[in-house]
Amino acid sequence: MNNKVIGSLVLGLAVGGVLGLVSVFAGNNSWINQPTSPKPPVAIAIAAPLEVEQKASGKQVSTVVLNESRTILIEGIILQNAVKAAQEIKKLSRTSKEPITILINSPGGSVFHGAALVSAMEASQAPVNTVCLGLCASMAAVIHQHGHSRQMVDRSVVMFHDAAGGAQGYLPHMLSRLNVVNRIVGKMSNAIAKKAGLTQEAFQALEHTELWLDAEDATARKFNDKIVSVHYDEAKVISFMADPEFKIRPVGVLPLEPSATPAKTTVLDFMWITE
């Protein structure tokens with residue numbers, strides 16, 4: 001009996017699954033299992049985006065580690081924050097040709113303020129990539145579409161629709177101003193249509209019905225280049241938030257509910273246009 005090898009199998013049950021524990025003893029009751037060495041950590045280079053495929057859905061998501069010193073975050077209504085972001089792009093473009101990234105989470109806003117940012121993006125000698133973090137609607141979607149590389153976080157949404165606004169004053173003056181706005185909006189719509197492989201008329205027809213697209217649909221329909229997961233320290237990026245008290249209001253129009261501290265107003269010469 002002393003030379004006989006005794007094998008024992010112990011099964012332990014745990015909530016949610018079964019844990020199998022196998023131990024083999026020799027005649028002297030010593031363990032013969034050999035410990036396994038832990039695997040060394042795998043280093044991942046972040047110079048280029050790492051393509052990661054999500055097996056559950058089959059879609060590809062690029063993991064991007066951002067350079068916070070060249071990353072701009074725009075949140076809230078597109079107003080003076082877009083102008084400040086445009087100034088920052090000019091400064092960053094002068095210091096280096098490394099890519100600049102604009103993170104956007106906005107419901108839209110002023111065409112004129114957004115156009116200033118688009119102009120700075122187009123003039124930049126460094127490529128300016130755009131990332132939709134949650135919602136890029138209206139003018140925010142227009143800004144997103146003008147990125148060198150248009151990127152969206154998974155399940156984020158872009159929305160396109162017709163510009164809206166109003167004007168006051170002499171009729172010929174109003175028509176002249178609205179004609180200029182129509183040309184500005186038309187040029188931006190044409191640029192978006194070309195990237196999506198559409199005619200301007202076809203894209204504007206989609207705008208008329210208000211086009212909503214999530215990241216997957218936007219990529220499939222060529223309104224997005226890549227679905228990404230972005231990694232950055234929010235405390236280190238260059239942030240431009242909308243002033244919560246800032247409202248667009250035409251001259252001579254008073255707020256419905258006067259307050260002790262009137263909201264700041266931008267006067268666009270008797271005209272206000274939002275996207």
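Annotations
- Considered as a group, the residues in region 47-88 that are hydroxyl-bearing (Ser, Thr, Tyr) and either modelled with pLDDT under 95 or in a strand (DSSP E or B) (or both) include one that is farthest from ILE227 (Cα to Cα), and that residue is THR71.
- Residue selected from region 160-178 under the condition under 24 Å from ILE78 (Cα atoms) and among the hydrophobic types (A, V, I, L, M, F, W, C), by the criterion surrounded by the fewest Cβ atoms within 10 Å (Cβ to Cβ): ALA164
- Condition check for GLU245: within 15 Å of the chain's Cα centre (by Cα), exposed (fewer than 15 other Cβ atoms within 10 Å of the Cβ), on the phi < 0 side of the Ramachandran plot and modelled with pLDDT under 95: no
- Test: LYS91 is surrounded by 15 or more Cβ atoms within 10 Å (Cβ to Cβ) and either modelled with pLDDT of 95 or more or touching a Pro at 6+ places or on another chain (Cβ under 9 Å) (or both): no
- Residues being in contact (Cβ under 8 Å) with a residue 60 or more places away in the chain, in a helix (DSSP H, G or I) and under 27 Å from the mean Cα position of the chain (by Cα) - total across region 158-196: 4
- Filter result (in contact (Cβ under 8 Å) with a residue 40 or more places away in the chain and in contact with an Asp or Glu (Cβ under 6 Å, 6 or more places away or on another chain)) within region 98-125: GLY108, VAL111
- When region 72-103 is filtered for residues that are among the β-branched types (Val, Ile, Thr) and under 20 Å from SER149 (Cα atoms), the ones remaining, listed by number, are ILE72, ILE74, ILE89, ILE100, THR101, ILE102.
- Residue in region 205-217 that is over 24 Å from the mean Cα position of the chain (by Cα) and of a type in the set (D, E, K, R) present: no
- Failed item, numbered, when ALA205 is tested on (1) touching a residue at least 24 places away in the same chain (Cβ under 8 Å); (2) out of contact with any helix residue (DSSP H, G or I) (no Cβ under 9 Å at 6 or more places or on another chain): (1)
- Number of positions in region 134-156 that are free of Cβ contacts under 8 Å to residues at least 60 places away in the same chain and either part of a strand (DSSP E or B) or farther than 22 Å from GLU210 by Cα (or both): 5
- Lone unmet requirement of (1) assigned to a helix (DSSP H, G or I); (2) surrounded by fewer than 17 Cβ atoms within 10 Å (Cβ to Cβ); (3) modelled with pLDDT of 95 or more for GLU98: (1)
The values are calculated or read from the model by the stated rules, or taken from the named source; none is laboratory data. Computed from a prediction, not measured in an experiment: that's the story for all the values here. Ideal geometry is used to build each Cβ from the backbone, glycine not excepted, and the neighbour counts take in all protein chains shown.
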